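The values are calculated or read from the model by the stated rules, or taken from the named source; none is laboratory data. Everything numeric here is computed off the predicted structure, so don't read it as measured data. Quick reminder, even Gly has a Cβ in these numbers, built from the backbone with ideal geometry, and neighbours come from all protein chains shown.
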Amino acid sequence: MPDIDGHPTIQEMQIGSVFAALADPHRRRVIELLCAEPDLVERTCASFGLTVSKSTLTHHFRVLREAGLIRQIDYGNSRKVMLRRRELEDRFPGLLGLVRGEVTQNFPTLPQRR
C-alpha cells in the first residue's frame, strides 16, 4: 500500500506504470534531468522549465510519484522532488541507464548543475 503521500513501496512499483509515466515527453524529460543529477538531489517542480499550466504540472508529478519514479518532499510552502534512484535500480536494474543514455544522446552537452 502506498504511503500517506502516495509513494508506492518498491514491491508495488509496476513496470507498466513506469513505462506509462515515461511515455509522456514532459515526464520523461523530468526523469532524464534527474538522472543527470547526483544522487539525492532535490529540485522544485518549477526548476524543470516545463511549458505547461500549473494544474498540468501537478498532474505530471502525480503520475511520476504514483509510478514510483520520484519522491516528493513537502517543506511547508514548497515541495521538492528527487529521483528514487536506489529503489528503481533494485526493482528495475538498468532502466535508469537507458533513460540516462537517451538524455546523453539527445543532449550531449547538457550542463551539470551544482
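Structural remarks
- When region 2-42 is filtered for residues that are surrounded by 12 or more Cβ atoms within 10 Å (Cβ to Cβ), of a type in the set (Asp, Glu) and in a loop (DSSP other than H, G, I, E, B), the ones remaining, listed by number, are ASP24, GLU37, GLU42.
- Of all residues in region 68-82 being assigned to a loop (DSSP other than H, G, I, E, B) and under 11 Å from the mean Cα position of the chain (by Cα), the one that is surrounded by the most Cβ atoms within 10 Å (Cβ to Cβ): LEU69
- Filtering ASP3, ASP24, ASP39 for residues that are under 19 Å from LEU95 (Cβ atoms), of a type in the set (Asp, Glu) and without any contact (Cβ under 8 Å) to a residue 40 or more places away in the chain leaves a single hit, ASP24.
- Any hit, region 58-67, residues being modelled with pLDDT under 95, in contact with a helix residue (DSSP H, G or I) (Cβ under 6 Å, 6 or more places away or on another chain), assigned to a helix (DSSP H, G or I) and surrounded by 15 or more Cβ atoms within 10 Å (Cβ to Cβ): no
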